[in-house]
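Novice: Okay, here's the structure, questions in a sec.
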Amino acid sequence: MDKSWNNKAWFMVLPMLLLVAFSAVIPLMTVVNYSVQDTFGNNQFFWAGTAWFSDVLSSSRFHDALLRNLAFSGIILLIEVPLGIFIALNMPRRGIGVPFCLVFMSLPLLIPWNVVGTIWQVFGRVDIGLLGYTLNGLGVDYNYVNDPFDAWVTVLVMDVWHWTSLVVLLCYAGLVSIPDAYYQAAKIDGASRFSVFRYIQLPKMNRVLLIAVLLRFMDSFMIYTEPFVVTGGGPGNATTFLSIDLVKTAIGQFDLGPAAAMSLIYFLIILLLSWVFYTVMITNDAKG
Amino acid sequence: MARIDLDHIRHAYLPNPSRDEDYALREVHHSWEDGGAYALLGPSGCGKTTLLNIISGLLTPSEGRILFDGRDVTGLQPEERNIAQVFQFPVVYDTMTVADNLAFPLRNRGMAEADVKARVAEVLEMIDLGAIAHRKARGLTADLKQKISLGRGLVRADVNAILFDEPLTVIDPHMKWQLRSQLKLLHRRFGHTMVYVTHDQTEALTFADKVVVMYGGEIVQIGTPQELFERPSHTFVGYFIGSPGMNVLPVALDGARARLGAQSIALPGAAGATEGKRTELGIRPEFIQLGTAGMPVSIRAVEDIGRHKIVRAVIEGHELAIVLAEDSSVPADPHVTFDPAGINIYADDWRVKLGG
């Protein structure tokens, strides 16, 4: 049977193409444009080739920020994913507690980033903050302004507070989709609590966990507002993540070329790591 | 293997049941004999699954006791009751292989690995899944998954009973037949007490020695397939079993005769006390002769269903289904006679004995 090909159908894609062009491709191209040029001001630009890229890639400032970012994402994933699963497992599956828990869990997600930052900035202050003041009153030497370790702990706890709910809600959605018959069959089969988790709940949460890990990784790797509001990247450069460094370079120092090159490298790293995560988890999924 | 006694079991899903209607199970007092093959038959929502879950221990009844071989197990958890149950929709452990799925209940009970292997191999052969024993259960078809579920139900040799909750719903018709025969074979071979819930009368009648018919949270009749067919003890059983179901006609009783409009029908005997009750005559379409003698009827339609014809007629303003042999034809002036052996009389839906 012969199919007649009608290429006019491609016009259907045109509106979408235009939309993507204006929302993503063209803005991205301006960054590409800056990344290969240099300027001495006065709106005069010179061709710089790949100089900015090699500069950024060989700068220890970039390496440090990248390492900090990887450490940050790694730690929050290690905390938020198990904690999220644990909380989701302990949430009620029916009854009056369900809406209460869901609303309670959603609250942190509803607060704008900079407000979260401000909350923790104030909360952790040693002079007026409930947390900082109490800790010091109890004899714990806590001060996120001076101590890099304390600054890290504050930023990490803040992120856990803000985003664990997302993992919880996604896992919970996976859990409630498990039919009762599975739990009943497990009882009949004499399965232990751990077996129920390992062979029923975890496999059913697999897909939503993949999404949760991807979202949390991308988000935490791009984190900007919250640490910026709390620590401003300090003390020193202790909490200067890639995005904070990028803004410093672009707007603080007005080094548009290096900043543009850095943006592109940053973007490619996120893309690459997300792809790796996704591929690894999908492959595991297929293997079962 | 055990005899299971249900001692005045009642169950309500509501916290404070007051009226009879609040109960999903109104009252069940019944014994399942050791080694019996029972079918629990009834329409959706009649309490079949509730009763099954009470036996397996997934539900604790609001009232009453359950005894296994005389031992009270009402408060025991399912795993302590040593019961196998197969559910309506396949339950498989996706990440395990088919063989591991079957081994799971055994391993959970700490059986030695060599015995597990032997038993699993045996069950794999029974349900004919040997070829895919080492494949992951994920991604198999619903039929195969349900076969795995069945296999997990059969894998423990020492269970007190095996309960099936409409296990063949998702299975292809031809495979249904095979699996049902196989279950029956397994029952003969190992003699487990089996309770098989279904709303499909063919399934119930072919699987079981004894069929338990439930309706509205109560057991309305327990009997062999033949008893259910010939002597339904409740009009519901008459409707529900047989195709088409029993004809139920409102009649007035007068000694050993029943009056239906202008017609008078001879009964095999006089009914007992039925004063003040709604009386009905039940007769199966198979026990009605269509000919030129007897009571006049008008014919509405004739359905030819292959083996025989079903004649839809009207007698004294009431609908009547008649089974007619495939090669017979409908007479021009149709009359019917009722075979006295097929007549049952009901008072308020319950069958009354006919004396004499």
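Novice: Just for segment B:127-143: of the residues that are more than 14 Å from chain A (Cβ to nearest Cβ) and surrounded by 19 or more Cβ atoms within 10 Å (Cβ to Cβ), which one is nearest to B:I83 (Cα to Cα)?
Specialist: Among residues in segment B:127-143 that are more than 14 Å from chain A (Cβ to nearest Cβ) and surrounded by 19 or more Cβ atoms within 10 Å (Cβ to Cβ), the one nearest to B:I83 (Cα to Cα) is B:I127.
Novice: Could you tell me which of the residues B:V98, B:V86, B:V92 is touching a Phe, Trp or Tyr at 6+ places or on another chain (Cβ under 8 Å) and assigned by TED's automatic domain parsing to the domain that holds B:V170? Even if it seems obvious, please write down each step before you answer.
Specialist: On the way: B:V98 fails: touching a Phe, Trp or Tyr at 6+ places or on another chain (Cβ under 8 Å); B:V92 fails: touching a Phe, Trp or Tyr at 6+ places or on another chain (Cβ under 8 Å).
On inspection, the qualifying residue turns out to be B:V86.
Novice: I'd like to check something: does segment A:26-39 contain any residue that is of a type in the set (S, T, Y) and in a strand (DSSP E or B)?
Specialist: yes
Novice: Which is modelled with pLDDT of 85 or more, away from every other protein chain (no Cβ under 13 Å), under 30 Å from B:A142 (Cα atoms) and buried (at least 23 other Cβ atoms within 10 Å of the Cβ), of B:L40, B:L106, B:L102?
Specialist: B:L40
For (1) under 23 Å from B:S31 (Cβ atoms); (2) assigned to a helix (DSSP H, G or I), each residue gets a yes or a no:
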residue	(1), (2)
B:R138	no, no
B:Q146	no, yes
B:I171	no, no
B:K176	no, yes
B:L186	yes, yes
B:R189	no, yes
B:V197	yes, no
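Novice: What tally of residues in segment B:148-170 results from selecting those that are more than 14 Å from chain A (Cβ to nearest Cβ) and surrounded by fewer than 22 Cβ atoms within 10 Å (Cβ to Cβ)?
Specialist: 1
Novice: Right, something else. Checking A:L214 against (1) more than 14 Å from every other protein chain (Cβ to nearest Cβ); (2) modelled with pLDDT of 90 or more, which single condition isn't satisfied?
Specialist: Exception for A:L214: condition (2).
Novice: Quick one: which helices (runs of 4 or more DSSP H) lie wholly within segment A:142-200 and hold at least 2 residues that are in contact (Cβ under 8 Å) with a residue 60 or more places away in the chain, more than 8 Å from chain B (Cβ to nearest Cβ) and open to solvent by 40 Å² or more (accessible area, probe 1.4 Å)? Walk me through how you get there before you give the answer.
Specialist: Numbers: elements: A:148-176, A:180-188, A:193-196.
The helices (runs of 4 or more DSSP H) meeting that bar are A:148-176.
Residue-wise test of (1) within 27 Å of B:F164 (Cβ to Cβ); (2) surrounded by fewer than 17 Cβ atoms within 10 Å (Cβ to Cβ); (3) in contact (Cβ under 8 Å) with a residue 12 or more places away in the chain.
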site	(1), (2), (3)
B:Y196	yes, no, yes
B:V211	yes, no, yes
B:V220	yes, no, yes
B:R231	yes, yes, yes
B:V237	yes, no, yes
B:F240	yes, no, yes
B:L260	no, no, yes
B:A273	no, yes, no
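Novice: For the structure I just gave you, tell me whether A:D255 is open to solvent by 30 Å² or more (accessible area, probe 1.4 Å) and modelled with pLDDT of 85 or more.
Specialist: no
Novice: Look through B:D333, B:D349 and report the one residue that is open to solvent by 50 Å² or more (accessible area, probe 1.4 Å), out of contact with any Leu (no Cβ under 8 Å at 6 or more places or on another chain) and of a type in the set (D, E).
Specialist: Only one candidate passes the filter, namely B:D333.
The values are calculated or read from the model by the stated rules, or taken from the named source; none is laboratory data. Computed from a predicted model, the values in this text were never measured in an experiment. Every residue, glycine among them, receives a Cβ derived from its backbone with ideal geometry; neighbour counts consider all protein chains shown. Just so you know, the surface numbers come from the protein's heavy atoms only, side chains and all, with ligands and any DNA or RNA stripped out. Shrake-Rupley method; radii C 1.70, N 1.55, O 1.52, S 1.80 Å.
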